[in-house]
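First up is the structure itself, then whatever we jot down about it.
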Amino acid sequence: MNALNMLRDVIGSLTGIIVSLVALGVAAGVVFGSGVPFVGGVLDNLLGLVNTLGGEGLVGLIVLAVLLDMYR
């Protein structure tokens, strides 16, 4: 059981790092534009996700709520 707790902690830490990198990519994209390597891909993928969820209406909102609940 201790190994599962340790694995959960490692996965939580990695998720925190990834979320921080995405936030950094978005902030850098706003400041420097989308021509910067790594930053352009983050912004394009994030905008694509928002457009996809927005285009799906109620289903997109439900998916967004589930994803936010899973993040917590």
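Okay, here's what the table says:
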| quantity | calculated |
| --- | --- |
| Set VAL31, VAL19, VAL66: member being surrounded by 11 or more Cβ atoms within 10 Å (Cβ to Cβ), in a helix (DSSP H, G or I) and β-branched (Val, Ile, Thr) | VAL19 |
| Where a residue in region 1-28 is closer than 23 Å to GLY41 by Cβ and its partner, wherever it lies, is not in a helix (DSSP H, G or I), with Cβ under 8 Å and at least six apart | GLY25/PHE38; ALA28/VAL36 |
| Matching entry among VAL39, VAL50, VAL59 (being at pLDDT below 75 and of a type in the set (A, V, I, L, M, F, W, C)) | VAL39 |
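Per-residue answers, yes or no, for (1) polar (S, T, N, Q); (2) on the phi < 0 side of the Ramachandran plot; (3) within 11 Å of the chain's Cα centre (by Cα):
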{"position": "ASN5", "(1), (2), (3)": "yes, yes, no"}
{"position": "THR15", "(1), (2), (3)": "yes, yes, yes"}
{"position": "GLY33", "(1), (2), (3)": "no, no, no"}
{"position": "VAL39", "(1), (2), (3)": "no, yes, no"}
{"position": "LEU61", "(1), (2), (3)": "no, yes, no"}
{"position": "LEU67", "(1), (2), (3)": "no, yes, yes"}
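The values are calculated or read from the model by the stated rules, or taken from the named source; none is laboratory data. Just so it is clear, the model here is predicted, and its values are computed rather than measured. Counting neighbours? That spans all protein chains shown, and the Cβs are built from the backbone with ideal geometry, glycine included.
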